[in-house]
Structures are given as C-alpha cells and as structure tokens.
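Okay, structure first, notes after.
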Amino acid sequence: MLRSGVAVILGYAIMALGVIGLFAIWFQEPNTLPSRGFMLFSLVYGGIMAVMGGYVTAAIANQAELKHALALAAVVGIMALVSMAAAQGQEPLWHQLANLLIAIPAVILGGFLKGWRKEKKGKTLDGK
C-alpha cells in the first residue's frame, strides 16, 4: 500500500517538476502571457511528461501497472479541474481543456507501456 502511494506521488512529481521547469526556463517575467505557439508546445511537452509520469508510477509500483497509472490519471484529472477553477480567466479555456484531455490518456499510456514492456521482457526471459 505504501509503495502504491509513493509510486503515484513520485509519478505526479515527475510531471509537475517537468512542467514547472519548462515554465521557469521559458518565462523570466511572471506576468508575461504565453503565445499560442508556446501553449501548443506546452501541450505536447506536457503530454510527454504525462507519459513519463505514468511510466514511472508503474515502474515504482512494479505490479498492477495499469491500475497504478489509472490512480495517477485520477489525481491528474482532479488537479487539472482544481487548476482550471483557480486559474479561471488567466489562460484560455481551450488550453486548460486540452491539458486535461491530453494528460489523462498520456498517463494511462505510460502505465500501459511499462506493463507491456514488463510482459514482453518476461516472455523473452522464459523463452516463450
């Protein structure tokens, strides 16, 4: 149980730190509004970080990989909704919704990839 909680927390931390790092590097002035190009780039980058977060969560859990990725996806969904409410009017709604619609499946994909890799590796080691 503890390992599962740590897995989800660290998966979320990977995602959050990656995105925070991007914004810290890109925006030196806090009141600068991002361009549409940057927002599109951040969606792709955030999706990649979400896949990594799901993968890391599944790797740390080392069992029921997809279930752990689903737990992280639920946390990501809740946090995205909280963020949307807190940042209402500060960024375009389309960007907030796109973040939500990209991050959740990307987290699940990361967990699926780790489970698939583990399964494939297990079959190779068994000679099947």
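Note: relative contact order over region 2-126, using C-alpha pairs below 8 Å and six or more positions apart, is 34 percent.
Given R0 = 30 Å, the distance between the Cβ atoms of A16 and L40 translates into a calculated FRET efficiency of 0.90. Dipole orientation for region 2-126: of the candidates F38, A80, Y55, Y55 has the Cα lying most toward the positive pole (charges on Cβ; Lys, Arg +1; Asp, Glu -1). Under a model in which nothing but the beta-carbon of Lys, Arg (+1) and Asp, Glu (-1) is charged, region 2-126 shows a dipole of about 500 debye around its Cα centre. Which value in deg cm²/dmol, rounded to the nearest 500, describes the helix-derived mean residue ellipticity at 222 nm for the chain, given -39,500 (n - 2.57) per DSSP H run of n ≥ 4 and division by the residue count? For the chain, the value works out to -30000 deg cm²/dmol.
With the charge dipole of the chain set up from +1 on Lys and Arg Cβ and -1 on Asp and Glu Cβ about the Cα centre, the Cα lying farthest toward the positive end among the listed residues L10, L66, I102 is that of L66. Note on V6/A74: beta-carbon distance plugged into 1/(1 + (r/R0)^6) with R0 of 25 Å gives a FRET efficiency of 0.95. When the chain is treated as a GNM with alpha-carbon contacts under 10 Å, the residue of L109, L70, L40 showing the greatest mean-square fluctuation is L40. Using θ = phi - 60° in the Karplus curve 6.51 cos²θ - 1.76 cosθ + 1.60, the 3J(HN,Hα) couplings for region 57-67 round to 4, 5, 5, 5, 5, 6, 6, 6, 4, 5, 5 Hz; x is entered for Gly and Pro. Karplus-based coupling profile of region 74-89, in residue order and whole Hz: 5, 4, 4, x, 5, 5, 5, 5, 4, 4, 4, 5, 6, 9, 4, x, with θ = phi - 60° in 6.51 cos²θ - 1.76 cosθ + 1.60 and x standing for Gly or Pro. Annotation for E119 and A87: the two label points, set 7 Å from Cα along the Cα-Cβ direction, are 3.5 nm apart.
Relative to the longest principal axis of the Cα atoms of the chain, the long axis of helix 2-26 makes an angle of roughly 40 degrees.
A short reminder: the numbers here are calculations on the coordinates, not readings from a lab. The model shown is predicted, which means the values in this text are computed figures rather than measured ones. Cβ sites come from the backbone with ideal geometry, for glycine too, and all protein chains shown count toward neighbours.
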